[in-house]
Amino acid sequence: MARPLPQTLFLDAYLTELAERLIRKNFLPDPLLGVLRRQRRALRNPPLGVEAFLESLRRAGLVTFAEALEAYKGYL
């Protein structure tokens, strides 16, 4: 019996597709980056720097999405 794929794989693919679609329209994905920036800044115990935030996304299974965000680290 085949095991179903973890939900994080579907979430990773969805978020990556969203980011790539916004980027293809020739603008920074401002709304998405704004949400992620607010989320990162809300994490205060302990505070997360950008690299730690991206690593936490990777550990959560959002590897491809975190890779897509690498180019926008200065906005996170």
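The values are calculated or read from the model by the stated rules, or taken from the named source; none is laboratory data. What you see is a predicted model, and the numbers here were worked out from it, not measured in a lab. Glycine gets a Cβ as well: all are built from the backbone with ideal geometry, and neighbour counts include every protein chain shown. With ligands, DNA and RNA removed, areas are computed over all heavy atoms of the protein, side chains included. Shrake-Rupley method; radii C 1.70, N 1.55, O 1.52, S 1.80 Å.
Structure values in brief
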{"quantity": "Which numbered condition Leu5 fails, given (1) open to solvent by 70 Å² or more (accessible area, probe 1.4 Å); (2) under 14 Å from the mean Cα position of the chain (by Cα); (3) modelled with pLDDT under 90", "calculated": "(2)"}
{"quantity": "Meets criteria (acidic (Asp, Glu) and without any contact (Cβ under 8 Å) to a residue 12 or more places away in the chain) for Glu55", "calculated": "yes"}
{"quantity": "When residues of segment 33-76 are limited to those that are hydroxyl-bearing (Ser, Thr, Tyr) and touching a helix residue (DSSP H, G or I) at 6+ places or on another chain (Cβ under 7 Å), the one least open to solvent (accessible area, probe 1.4 Å)", "calculated": "Tyr72"}
